[in-house]
Structure formats: structure tokens, C-alpha cells
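Trainee: One structure, as C-alpha cells, below. Some questions next.
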Amino acid sequence: MITALLAYVNHRVLRWPATIGVMAIALLISLGIVGLHALGVDYGLKAYEASLLKSLDFSEVLMQGMLSFLLFAGALHVDLGALKRYRGQIALLAVVATCTSTALVGLAMWVLLPMLGLPVRLIDCLLFGALISPTDPISVMGILKSIGAPKSLELVIAGESLFNDGVGVVLFSLLLGAATSGAAPTPGEAGWLLLQEAGGGLVFGAVLGWATFALIKSIDQYQVEVLLTLAAVMGGYALAMHLHVSGPLAMVVTGLIVGNSGRARAMSDTTRRYVDMFWELLDEILNAVLFVLIGMEVIVIAWSPSLLAAIVAAIGVTLLARLITVGLPVGALSRLFRLPQGSWRVLTWGGLRGGISVALAFSLTQGDGRDIVLGLTYGVVVFSVLIQGLTVGRVARRVCASSP
């Protein structure tokens, strides 16, 4: 109900991209409730909102619920043939850049936070680096629809965002295991976990995608075929988690196969139309709900002057790390990346963070560093979505204007 009302207000008043608009309104309302509570006239609204959010475990809702649908829907309309032509560039950005950014952000925050009166363990800072370095596919795919970037650039941004969150989740799991056990994994253990999670997710996704393709091809009944895609996502993600392989990567690969081979060779025009409408509608609804939740979560953050200063520092560090690990390589190796001149600016500024980062931060167990990591993550995500999300279109248009 809240999401529907805020979406209506955004459409009639702000007319911003839906995800940004509903998040901004939810954030503004939540801040207003916090202000009224401070004045003693909130009529129990803050307690009600807090109880509502507590009943909806954000990490569980996104990571075990919405994420599979959103990733599948995002991959469904990505051109797999074009994606293969940029597979080397996407792999470099999704794997190497994400790992490097995790280290840079973690070490920089480890140095800066004590200066701001927030001493945090190195492992907590590295956890923050792992959850904040990947670009969020949910945020990026939503913005890409309206920025008007060159197709090659859109493809690389979409491909990077779809795959680097799986890498980020694996890095986060490695570091979380080290933080819990108190012992860092050996290179062999880390390599095996990466192979099992990421490699296993890719293989499982391919098997699931081709199995779904075969089932769809064997019939011509759009109701059943739409249901098969839904079953592949729900059952496939649950099975991936049971097999301890990356569910997010599995959903991306399944979506690519169903959206390309399935659409071209297994679906009638009627089925194709209904599959597209179903997943587009589901994607829009879940995106809106997710970003409303992100806006509301502001009331559970333990704010302080030191944390606000640390958030400003974290925004600068994450942008600088994005520039070093993505912007500079793309700008310096323009021939290798085969992107329009100036694309490094869009890739740097368009590296949006979103719900996945917040969900991973909420998944941390209670401890000295959790509240700080959660506050830093929330601040960076809000800046990313509201400031970068609303202005990346201008940067993209400048690249278009300067491209031959």
C-alpha cells in the first residue's frame, strides 16, 4: 500500500525514475517522522515504522526473496551475442576491479575511521569494502533504461553489474568466515570457495537455463510457459542455495539463456509477449517495494556526528576506488575496451550501489563494527541512488554528444 501511494505521488509530482522517486519520498517521510519524534509529537509513528521494518528482515527479504526475480528479469533482455563480444572487458571489471576495490576501500577506511573517532577492526573495514564495491544490478538496470548511453556502454555496464555482485557476495562470505572464525582462509581455501560458489553458480545456471529452454520448447501454451520461467527462478534459486553455489550468478545465466535462445527458438509470439509483460511488471513492482524499504530503513541507523563525517569520507573513498579500478583502466585502455571516448566517466559515476549492499550489511551479526558498517553502507547507497542516479544521465549524454 505504501509503495503504491508513493509511486502515485512520484508519478504525479516528482516524475523522477520510479525507483529513485519512491526511495526519495520514503526517505523524506521517515526523516520527518524522526523529526516529529524528537519533538515528542510523532503519535507513535516511529515505533510503528520500526516494528514494521523489524517484521520484515531486510537481508532475508532481498537475498532470499526478491533478488532471484530481479536478477532473472534484468538478464532476460540482455543480448547474449553482444555480451559475448565484451566478455573479456566484463570479466576484468566484474572480477579484478571488484577484488581490487575491496582491498582499496577496506584499507582506506581502516586508516580514516580512527581519525574520525570510530576505531574499527581491519576485517570490518574489508567487509565494508566487499559489500560496497560491486555495482548493484537492481539500481543500474533501472537507471540504464533512461540514461540514453551508447549501446556498447550500456551493455558493459549491465554485464558488469549482473556479474560483479556474485563476486562481491563470495568475497563477503570469505571475509565473514574469517571474522567469525578468527582465522584467515588459506589461498587454496579461498580459491576453492570462489570456484565452488562462482563457477558452480555459472554451471548450475547454464544447466537450469537449458532445461527450462527444453521444457518451454516442447509446448505452446503461454500460461504454462510463464509458469515454467517462474518455477525456474524460485526453485532454481532455492536449489542453488542448497548446493552451496552462487544463486545470483545462476539466475543471471538462466535469464540470459531463456531471454535469448528461449525467446528466439522456443516461444511463439504470444508467449514472448506474455513472458515479457509478466517479468517487466514483476520487476517494476519488486523494484519499487525494495527502494521504498531502503528509504524507510533510515530510522534504524544509529546516527551520530562522527558517523556522518565517516559517511562523507566513505563516499569519497568509494568514488576514488571506482575511478582507480574502473575509470582509469577504461580510459587508459580504450582500444582494449572498445567503448566510446569518455566512457570512463559514465562507468565511474554510474557505478551505483543499492539494496544488495544494504542487505549484506544487515546480515552482519551484532558487534562493535556492525552499526558503523551499516551506517556507512546506508549513507553511500543513498548518495549513490539519489545523487549519482539522478545525474548519470547528463554524463552519458555528454559522452553521446562527444562520440563520433
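The values are calculated or read from the model by the stated rules, or taken from the named source; none is laboratory data. Because the structure is a prediction, the values reported are computed rather than measured. No Cβ is skipped: glycine too gets one built from the backbone with ideal geometry, and neighbour counts run over all protein chains shown.
Trainee: For the stretch 126-165, give me each residue that is at pLDDT below 80, part of a helix (DSSP H, G or I) and among the small types (Gly, Ala, Ser).
Mentor: Correct list: Ser139, Gly142, Ser146.
Trainee: A follow-up question, please. Quick check: anything in the stretch 268-277 outside any helix (DSSP H, G or I), polar (S, T, N, Q) and at pLDDT 90 or above? Full working, then the answer.
Mentor: Narrowing the stretch 268-277 to residues outside any helix (DSSP H, G or I): 268.
Narrowing further to those that are polar (S, T, N, Q): 268.
So of that shortlist, the ones also at pLDDT 90 or above come out as 268.
Yes, the stretch 268-277 has at least one match.
Trainee: If you check Leu215, Leu228, Leu208, Leu202, which single one turns out to be within 21 Å of Leu70 (Cβ to Cβ), free of Cβ contacts under 8 Å to residues at least 24 places away in the same chain and touching a helix residue (DSSP H, G or I) at 6+ places or on another chain (Cβ under 7 Å)? Explain how you work it out, then say what you get.
Mentor: Working: Leu215 fails: within 21 Å of Leu70 (Cβ to Cβ); Leu208 fails: free of Cβ contacts under 8 Å to residues at least 24 places away in the same chain; Leu202 fails: free of Cβ contacts under 8 Å to residues at least 24 places away in the same chain.
None of the others qualify; the one that does is Leu228.
Trainee: In the stretch 366-397, what residues are among the polar types (S, T, N, Q) and without any contact (Cβ under 8 Å) to a residue 24 or more places away in the chain? Steps first, please.
Mentor: Start the filter on the stretch 366-397 by keeping residues that are among the polar types (S, T, N, Q), which leaves 366, 377, 384, 388, 391.
Scanning the stretch 366-397 gives a single hit, Gln366.
Here is a yes/no grid of residues against (1) under 29 Å from Gly355 (Cβ atoms); (2) surrounded by fewer than 18 Cβ atoms within 10 Å (Cβ to Cβ):
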{"residue": "Pro187", "(1), (2)": "no, yes"}
{"residue": "Gln221", "(1), (2)": "no, yes"}
{"residue": "Gly255", "(1), (2)": "yes, no"}
{"residue": "Ala264", "(1), (2)": "no, yes"}
{"residue": "Glu280", "(1), (2)": "yes, yes"}
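Trainee: Let me ask you something else. If we scan the stretch 237-245, do we find a residue that is in contact with an Asp or Glu (Cβ under 9 Å, 6 or more places away or on another chain) and either within 15 Å of Val207 (Cβ to Cβ) or surrounded by fewer than 22 Cβ atoms within 10 Å (Cβ to Cβ) (or both)? Talk me through it step by step, then tell me what you get.
Mentor: Step one: of the stretch 237-245, the residues in contact with an Asp or Glu (Cβ under 9 Å, 6 or more places away or on another chain) are 244-245.
Still in the list and also either within 15 Å of Val207 (Cβ to Cβ) or surrounded by fewer than 22 Cβ atoms within 10 Å (Cβ to Cβ) (or both): 244-245.
The answer is yes; a qualifying residue exists.
Trainee: Among the residues of the stretch 358-379, which ones are buried (at least 24 other Cβ atoms within 10 Å of the Cβ) and either within 15 Å of Leu319 (Cα to Cα) or charged (D, E, K, R) (or both)?
Mentor: Leu376, Thr377, listed by residue number.
Trainee: Could you identify the single residue in Leu230, Leu174 that is over 20 Å from Ala103 (Cβ atoms), under 27 Å from the mean Cα position of the chain (by Cα) and assigned to a helix (DSSP H, G or I)? It would help to see each step written out before you state the result.
Mentor: Values: Leu174 fails: over 20 Å from Ala103 (Cβ atoms).
When all the criteria are applied, what remains is Leu230.
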